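A.B. asks: Encoded as structure tokens, here's the structure I'll be asking about.
A short reminder: the numbers here are calculations on the coordinates, not readings from a lab. Computed from a predicted model, the values in this text were never measured in an experiment. When we count neighbours, we look across all protein chains shown, and the Cβ atoms used for this are built from the backbone with ideal geometry, even at glycine.
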Number of protein chains: 2
Amino acid sequence: MQLSIIKIGGNIIDDEAKLAAFLDVFSAVKGKKILVHGGGKLATKVAEGLGIRQQMVDGRRITDAETLRVVTMVYAGTINKNIVAQLQARHCDAMGLSGADGNAILAHKRVHAMTDFGYVGDVDSVNTSLLTSLLLLDKTLVFSPITHDGKGQLLNTNADTIAQELARGLSTTFDISLVYSFEKSGVLLDADNDATVINRIGPVYYQELKDKKLIFAGMIPKLDNAFAALRSGVGKVIIGRAEELPQLLAGQAGTTIVHE
Amino acid sequence: MQLSIIKIGGNIIDDEAKLAAFLDVFSAVKGKKILVHGGGKLATKVAEGLGIRQQMVDGRRITDAETLRVVTMVYAGTINKNIVAQLQARHCDAMGLSGADGNAILAHKRVHAMTDFGYVGDVDSVNTSLLTSLLLLDKTLVFSPITHDGKGQLLNTNADTIAQELARGLSTTFDISLVYSFEKSGVLLDADNDATVINRIGPVYYQELKDKKLIFAGMIPKLDNAFAALRSGVGKVIIGRAEELPQLLAGQAGTTIVHE
């Protein structure tokens, strides 16, 4: 059975018109689907409003207890429930979940030799039995990037990672297309020219592009993750603009990363 | 099949130790169960922190757009996900829901001749098919008092009403005990004396107490609602202290309101 897992980020969430346009195309996608959303600027705005200072280490936000409370509010509350209500209005039977709900995603607090990132969770397991049951009830699942450790602690988890772990976990049951939405048209040969999008890339071509230094350096971690997802059982990974979702899924836009 | 629906309010939610003690007894309750939580002081604190002025008309809070955003954050985000994570830690497989999730509770914006209460929702219908499926998957459902209108609008809905509408909707499938947690031991003959709790009350005894003006006036709306729930198919309604939940369900504490 086909399952589309689509991750959207702040560039969509922060823009009401873009989000509405995306939800129009998303709700029209046929078959089983999961939406994973990240945060966006609202969490920063709420934290500032409440006088919570954002701690940054090496350009990364530290999730202290107060920040965790804000991201739980904003991600699992405001953003998640608004997306769900807007999908329901589009006759898409959405159900919002955090990793704590039904023990959907179990994580542990990140251990790092040098830095305490605070309440940041690295994923341990995905409850595929629950998620399969909900998908078979024809629910479209909408995940906020909040997980839990099974001991009562909520954790802030990267939305890209959640999408990838869901895809990996569900790949034994479903034929998965994993879509990372991106502010560019796909993987570009020239980062400043959207017309240079690579339509299809497998490991051999990827190695060739890397060897010739033809690939934009910032794309390498994203592509490495995409190939890791493929190796873990995911059918295909697609990178491109959220607004072009139907074309991305049909292979007519964006970059499709394939086994070969 | 037996189903317990338990509503807790601010007196439990605002007190970390009381909430933990309640979740201990709640998680130990056997069988299918639903928890409905209200708000508490955190929403007011967050609204004040964000500089959102609370409008009150006749002692009732008006839910303007900004207030709706705050209650959605706090109720469906912070409070709901923390309760779910803490139940998971107690090996109770909880799943948090708003009325928008899976179209669980459909409502409409309240129409009132004199006052615009803002984004306040009165319940139209409960998705019993979804809720039955989730309960049969052995999930314990945790409802925040946020509903939607099916057109993309979230709405703030009274938690007592949500508990009652869930009980009414599910009463055709389940044998329901509906518990309203309360800061007193139950329905009291003397409002200042917890030892005067009425253990069991049916319509005839209730009429007798009202006629003799032996019942605390503040309890009359609660009891009228309880009898209305019974008439709509709910098996029994129980009023008492959340901490005594097992005793309440066993009829050994609180007030049980029965058909006769």
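A.B. asks: With only alpha-carbon atoms in the gyration tensor, what are the semi-axes of the equivalent ellipsoid for region B:26-129, in Å, largest first? If you can, show how the numbers build up before the last one.
C.D. replies: Values: eigenvalues 158, 72, 23 Å².
In descending order the semi-axes read 28, 19, 11 Å.
A.B. asks: Specify, per residue and in Å³, the volume enclosed by the convex hull of the alpha carbon atoms belonging to region A:44-86. Could you put the intermediate results ahead of the total?
C.D. replies: Details: hull volume 3.1 nm³, N = 43.
Taking the convex hull of the Cα positions in region A:44-86, it is 72 Å³ per residue.
A.B. asks: Take the Cα atoms of region B:2-181, build their convex hull, and give its volume per residue in Å³. The partial results should precede the final answer.
C.D. replies: On the way: hull volume 20.0 nm³, N = 180.
Hull volume over Cα atoms, normalised by residue count, gives 111 Å³.
A.B. asks: Between copies, how far apart are the A:Asp24 label points? List them in nm, one decimal, shortest first, with each point 7 Å from Cα toward Cβ, please?
C.D. replies: Shortest to longest, the spacings are 5.5 nm.
A.B. asks: Would you mind giving the three semi-axes, in whole Å and largest first, of the ellipsoid equivalent to region B:115-227 according to its Cα gyration tensor?
C.D. replies: Numbers: eigenvalues 197, 71, 33 Å².
Gyration-tensor ellipsoid for region B:115-227: 31, 19, 13 Å.
A.B. asks: Using only the alpha carbons, work out the radius of gyration and Dmax of the protein assembly as shown in angstrom.
C.D. replies: Rg, Dmax (Cα atoms, Å): 24.8, 94.
A.B. asks: On the rotation axis linking copies B and A, which residue of B comes nearest by its Cβ, and by how many whole Å?
C.D. replies: Closest to the axis: B:Gly77, 1.
A.B. asks: Shielding by partners for A:43-51, please: the mean number of other protein chain Cβ atoms within 10 Å of each residue's Cβ.
C.D. replies: On the way: counts 0, 0, 1, 6, 0, 1, 5, 5, 1.
Partner Cβ neighbours, averaged per residue: 2.
A.B. asks: Say the cut-off is 29 Å between C-alpha atoms; which of A:Lys33/A:Lys210; B:Lys109/B:Lys184; A:Lys41/A:Lys109; A:Lys81/A:Lys184 go over it? Before the final figure, lay out the partial values.
C.D. replies: Working: A:Lys33/A:Lys210 33 Å; B:Lys109/B:Lys184 32 Å; A:Lys41/A:Lys109 24 Å; A:Lys81/A:Lys184 27 Å.
Listed pairs above 29 Å: A:Lys33/A:Lys210; B:Lys109/B:Lys184.
A.B. asks: Please give me the summed charge of the neighbours of A:Glu243: other residues whose Cβ is under 15 Å from its Cβ, Lys and Arg +1, Asp and Glu -1. Let's see the in-between values first.
C.D. replies: Working: positive: A:Lys7, A:Lys18, A:Lys184, A:Arg241; negative: A:Asp14, A:Asp15, A:Glu16, A:Asp24, A:Glu183, A:Asp194, A:Glu244.
My count for the surroundings of A:Glu243 gives -3.
A.B. asks: Can you show me the helix-derived [θ] at 222 nm for chain B, built from DSSP H runs with n ≥ 4 at -39,500 (n - 2.57) apiece and divided by the number of residues, rounded to the nearest 500. Mind dumping the intermediate values first?
C.D. replies: Working: 10 runs with 90 residues, N = 260.
Here the helix-only value at 222 nm equals -10000 deg cm²/dmol.
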